Amino acid sequence: MTASLAELDPNRLVIEAVRAADRSLVTVTGDVDAVTAPTLRQSLVETLAHPDVTDVLLDLSGVTFLDSAGLTALVVADRTARATGRALTVTCGTSRAVRRPLEITGLLTVLTVADRWPG
């Protein structure tokens, strides 16, 4: 059996989720690419499916690389949030690794992007 790159280097992508009341903070660190994006997508969909969660903040300020698979994971999470009446807010700080792909693809104006946790 062959291990994926994510299994060989579990620190390539770290996802931490913390829930407080009806809000969840999901912090992502590392590379979000074709290998790791499915893990991120699944984590976000599961977080958004939790019955007590209405707001999710996705902190991407620790992401060092974001490719088209990662962008797709963000779009899937955004569509899931909207379809279920939840709010997904993305923060990326000044990280060019995240902000630039969002700008180039136009997703910076499609996704709800904030400098910090709203409210």
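The values are calculated or read from the model by the stated rules, or taken from the named source; none is laboratory data. Note that the structure is a prediction, hence the values are computed from the model and not measured. A quick note on method: Cβ atoms are made from the backbone with ideal geometry, for glycine too, and the neighbour counts reach across all protein chains shown.
Worth a mention:
- Scanning the range 50-70 for residues that are in contact with a helix residue (DSSP H, G or I) (Cβ under 8 Å, 6 or more places away or on another chain) and under 21 Å from residue 16 (Cβ atoms) yields 53, 56, 58, 60, 61, 63, 64, 65, 66, 69, 70.
- Reported count of residues in the range 76-96, each being within 21 Å of residue 115 (Cβ to Cβ) and either at pLDDT below 95 or not small (Gly, Ala, Ser) (or both), is 11.
- Residues satisfying the stated conditions in the range 38-62, i.e. more than 17 Å from residue 111 (Cα to Cα) and either touching a residue at least 60 places away in the same chain (Cβ under 8 Å) or touching a Gly at 6+ places or on another chain (Cβ under 8 Å) (or both): 62
- Residue in the range 12-32 that is in a helix (DSSP H, G or I) and either buried (at least 20 other Cβ atoms within 10 Å of the Cβ) or at pLDDT below 95 (or both) present: yes
- Only residues that are buried (at least 17 other Cβ atoms within 10 Å of the Cβ) and more than 24 Å from residue 103 (Cα to Cα) were counted in the range 44-81, giving 3.
- Residue in the range 33-43 that is nearest to residue 93 (Cα to Cα), counting only those that are surrounded by fewer than 19 Cβ atoms within 10 Å (Cβ to Cβ) and among the β-branched types (Val, Ile, Thr): 39
- Residue 53 being farther than 18 Å from residue 113 by Cα and of a type in the set (A, V, I, L, M, F, W, C): yes
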